[in-house]
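Participant: If you scroll down you'll find the structure; I have some questions about it.
The values are calculated or read from the model by the stated rules, or taken from the named source; none is laboratory data. Small disclaimer: the values here were computed from a predicted structure and weren't measured. Methodologically, a virtual Cβ is constructed for each residue, glycine included, from the backbone with ideal geometry; neighbour enumeration extends over all protein chains shown. Just so you know, the surface numbers come from the protein's heavy atoms only, side chains and all, with ligands and any DNA or RNA stripped out. Shrake-Rupley method; radii C 1.70, N 1.55, O 1.52, S 1.80 Å.
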Amino acid sequence: MAETISPKVDIQEAAEILGCTPLYLRVALQNGKFSEFGNSVKTSSEYTYYINRNRLMAWVNARDLIFERR
């Protein structure tokens with residue numbers, strides 16, 4: 001049986017892909033950064049995070065292209 005890859009990425013995996021800490025990524029999402037691939041929602045006293053795998057990878061690949069041109 002083929003394994004299905006979730007369209008959602010958790011904070012830990014996304015931080016590893018981006019090369020940053022999970023704390024940095026959480027705070028950035030809380031402040032509206034990285035809206036190209038994710039967001040955060042505050043529910044009472046906690047935040048919930050959503051990061052779209054396809055958009056994250058497209059963003060990472062696009063940034064790689066920008067740095068290759070320099």
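Participant: What's the total number of residues in region 42-62 that are open to solvent by 80 Å² or more (accessible area, probe 1.4 Å) and either over 9 Å from the mean Cα position of the chain (by Cα) or touching a residue at least 40 places away in the same chain (Cβ under 8 Å) (or both)?
Facilitator: Final tally of qualifying residues: 8.
Participant: Moving on to the next point. If the Cβ limit is 9 Å and pairs must be 6+ apart or interchain, which residue in region 1-24 that is touching a residue at least 40 places away in the same chain (Cβ under 8 Å) pairs with which residue that is among the polar types (S, T, N, Q) and in a helix (DSSP H, G or I)?
Facilitator: As it stands, the answer is Pro7/Asn54, since those pairs meet every condition given.
Participant: Which ones in region 1-38 are among the aromatic types (Phe, Trp, Tyr) and either under 8 Å from the mean Cα position of the chain (by Cα) or surrounded by 16 or more Cβ atoms within 10 Å (Cβ to Cβ) (or both)?
Facilitator: Phe34, Phe37
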